[in-house]
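Only one structure is covered here, and it is reproduced in the block below.
The values are calculated or read from the model by the stated rules, or taken from the named source; none is laboratory data. None of these values were measured; they are calculated from a predicted model. Note that each Cβ is placed from the backbone with ideal geometry, even for glycine, and that neighbours are counted across all protein chains shown.
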Amino acid sequence: MMNNEITINPMKILTSVYNFFRPRILGMTVAFLFLAVLMVSVFFTSWPAVDQIPQNLDDPSNIQGIGVMIFTDFVVPFEILSIILLSSLMGAIYMAKGDGSQ
Amino acid sequence: MIPVELYIGLAVIIFTIGLYGFMTQRSGIRMLMSVELMLNSANLNLVAFSSYNADLTGQVFALYSIALAACEAAIGFAILMAIFRMKDTINLDSFNVLRW
């Protein structure tokens, strides 16, 4: 019968951990520093906010308000967005289509 | 009521995950996924501030931002298909020249 007991080699575990972190340590360091800076600047800033979110109990959603704002105050970005969507769709189809060889 | 710092903190965490993925991963699909994470954290900030200031402008701009993210994803995947057709890989480390 095979004696295949699991042997724990701490040196091998350390080597595998090192090989896991070795190509990632620079990215992890930069990301962690970025996270630390942003967390400090988030939690030590007093953000302007109302104390209580105003709730309309009859209609708690604000979809209607969003739609009214899209078509009154922000109708110019809406139209620009339609042109951007159309042009990006055309560009994506043109690039994904290939050179007509298939 | 949840303080607004927690929403911003969650957005910061998601943005950092996206930034880490964008810096470390070299596959094109994974980089696009990381860009989507970063854009969605920005959307979370927009919606949080919009709710906490009782102003719907941020939510409208979150909608526009989602549409622009869709444009970016479509263009990105089209470019990835083009470069996969050219070199049979989407590992972006093998694309270090700007002309062929």
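For region B:15-36, a residue qualifies if it is aliphatic (A, V, I, L, M), more than 9 Å from chain A (Cβ to nearest Cβ), closer than 20 Å to residue A:34 by Cβ and surrounded by fewer than 19 Cβ atoms within 10 Å (Cβ to Cβ), and the qualifying residues are B:33, B:35. Quick one: is residue A:26 at pLDDT 90 or above, in a helix (DSSP H, G or I) and either more than 20 Å from residue B:66 (Cα to Cα) or touching a Lys or Arg at 6+ places or on another chain (Cβ under 8 Å) (or both)? Spelling it out, it is not the case that residue A:26 is at pLDDT 90 or above, in a helix (DSSP H, G or I) and either more than 20 Å from residue B:66 (Cα to Cα) or touching a Lys or Arg at 6+ places or on another chain (Cβ under 8 Å) (or both). All of (1) over 24 Å from residue A:72 (Cα atoms); (2) not in a helix (DSSP H, G or I) hold for residue B:54 with one exception: (1). Put simply, of B:39, B:44, B:68 the only residue that is farther than 30 Å from residue B:93 by Cβ and without any contact (Cβ under 8 Å) to a residue 40 or more places away in the chain is B:44. Is it the case that some residue within region B:14-35 is among the hydroxyl-bearing types (Ser, Thr, Tyr) and under 25 Å from residue A:71 (Cβ atoms)? No - not one qualifying residue is present in region B:14-35. On the basis of being more than 10 Å from every other protein chain (Cβ to nearest Cβ) and surrounded by fewer than 19 Cβ atoms within 10 Å (Cβ to Cβ), does residue B:44 make the cut? Yes; evaluated as a whole, the condition is true for this residue.
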